[in-house]
Each structure stands twice: as C-alpha cells, then as structure tokens.
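Trainee: The following block contains the structure, expressed as structure tokens.
The values are calculated or read from the model by the stated rules, or taken from the named source; none is laboratory data. All values reported here derive from a predicted model rather than from experimental measurement. Note that we place each Cβ from the backbone using ideal geometry, even for glycine, and neighbour counts take in every protein chain shown. Keep in mind that these areas ignore ligands, DNA and RNA; they rest on the heavy atoms of the full protein, side chains included. Shrake-Rupley method; radii C 1.70, N 1.55, O 1.52, S 1.80 Å.
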Amino acid sequence: MAEPARRGGTASRAAASVAAGCTVAGAVAVTVAVVAGPGPGLTGYVSEAGIAGTTYARTYRIGVFALATALLLLAAALPPALRATAGLLAAGGVCTVISGAVTCSAGCPLPPFERATVADLVHGGASIAATASVVLAMLALLTTPGAPAALRRIAGLGAVLAVPLAAAIGLAILLVGRGGLVGTLERLLLAVVAGWGLVTATTLGLAADRDGRVNRPEPGM
C-alpha cells in the first residue's frame, strides 16, 4: 500500500508544479495582451484584449487556456479530502475554457447598461462563473474539516481579499456599469485569484509527504 500512495503523492506534486508553471505563463500572457494591446486601459474589461482581430488576441487566448489548465491540474493535485474544492476548481477550469473559446464583441458589453449579443452573454457568464468558482473553492477549502493547515491559511488570506472584491464588482456592474471602477476592481480580483492559485500550487508542489507538513490537518480536526 505504501508504494501506490507514494506514487500518488508524486503525481499530485507533479500536477501541482505544472499548475504553478501554467499559472505564471497564463498570467504573463494575459498581462502582456492587456497592457500592450489596443484596449481602453482601466476603463475596459480584461476580456477586451481577446476580441477577435485585435493585435494580441491570440496571446490573450493562449494565456486564458493556460490558466484553465492550471485550475484543472490544481484540482487534480489536491488531497482526496478536498473533493468540494477540487470540484469547484474543475468547474472553474471548464468555464475558463469556454471564456477563452467564445470571444465577446467590441467593448465586451454586458447588461443592464449595454446591449449584449449571445456571444457576449456566453463569454461574460463563463468568465464570471469561472472567477466565482475559484472564490468559492477558497471558501470550501477554508471550511472543510481536516483540511491541511497550510492550505487553509492560504485560502483564508485569499478569501479575505477576494470576497469583498467580488461583491464590489457585482454591485458596480449593476449600479455603475462599465468604467474605471469596475476595470480596477476586476484586475485586483483576478490578481488575487491567480496569486492564490500560484501559492497553493507551489505549496503542494513543494510538499514532502514523508514529513506531512502540507497533508497535516488542523489541530483537533
């Protein structure tokens, strides 16, 4: 039994390490597309860098697919006890794939202040669902009895930053609409989500099962 468990631990660490690499590569590609592309800066959505026909659309989509891969690998790398968290991350990965595959029209319009096409709604809905899934994954990890202490601490910090930002974005879209406020909040939330994924994947990738540091549950669990 020890040998299969050891192989499983090695596979999980490998998946986590690749997930960390995909997170960095994806974040860099998306950042390059947003900063260097012809988008409207902080007054627009990040997704505008991926509009078909724009200069850095391919770079943006490659970055999005790399981030989707990172979420799926991170889900696979989590300990078996964290099934709910893994499921949410897997759902986030699938939604991220849809977000990258279905591009929005110019300006990425969203209701209630703008008229959106079907593609806009699919893209926007998938993007929102992907981000929400990752935020919920943080909360699921944080509230799972017996979750590894190191991962709970990381999830706690991520949730403290992400939940207020997500709530603020939802209210801003409904009450204010597209503009600098939503653009800034969106970028901050995406940075927090990517940072949480990177730190969690790195922690799992560096884990040494023999000393139980990451797989050790909270005291009293």
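Trainee: How many residues, within segment 130-151, are open to solvent by 40 Å² or more (accessible area, probe 1.4 Å) and not β-branched (Val, Ile, Thr)?
Mentor: Summing the residues that are open to solvent by 40 Å² or more (accessible area, probe 1.4 Å) and not β-branched (Val, Ile, Thr) in segment 130-151 gives 5.
Trainee: Now for a different question. Which condition number does Leu78 fail, the rest of (1) open to solvent by 60 Å² or more (accessible area, probe 1.4 Å); (2) out of contact with any Gly (no Cβ under 7 Å at 6 or more places or on another chain) being met?
Mentor: Of (1) open to solvent by 60 Å² or more (accessible area, probe 1.4 Å); (2) out of contact with any Gly (no Cβ under 7 Å at 6 or more places or on another chain), only one is false for Leu78: (1).
Trainee: Return the residues of segment 74-101 that are among the hydrophobic types (A, V, I, L, M, F, W, C), under 18 Å from Ala132 (Cα atoms) and assigned to a helix (DSSP H, G or I); say none if nothing qualifies.
Mentor: Leu74, Ala75, Ala84, Ala86, Leu88, Leu89, Ala90, Ala91, Val94, Cys95, Val97, Ile98
Trainee: Is there any pair with a first residue in segment 163-177 that is at positive phi and a second that is part of a loop (DSSP other than H, G, I, E, B) and open to solvent by 40 Å² or more (accessible area, probe 1.4 Å) whose Cβ atoms are under 9 Å apart and which are 6 or more apart or on different chains, and what are they?
Mentor: Matching pairs, first to second residue: Gly177/Pro112; Gly177/Phe113; Gly177/Glu114.
Trainee: Let me ask another. With respect to Val30, determine if the residue is crowded, with 23+ Cβ neighbours inside 10 Å, over 12 Å from the mean Cα position of the chain (by Cα) and in a helix (DSSP H, G or I).
Mentor: yes
Trainee: Can you name every residue in segment 37-66 that is under 21 Å from Ile169 (Cα atoms) and buried (at least 18 other Cβ atoms within 10 Å of the Cβ)?
Mentor: Passing the criteria: Gly39, Gly44, Tyr45, Val46, Ser47, Glu48, Ala49, Gly50, Val64.
Trainee: Let me ask another. Looking at Leu88, is it within 16 Å of the chain's Cα centre (by Cα) and either open to solvent by less than 20 Å² (accessible area, probe 1.4 Å) or not polar (S, T, N, Q) (or both)?
Mentor: yes
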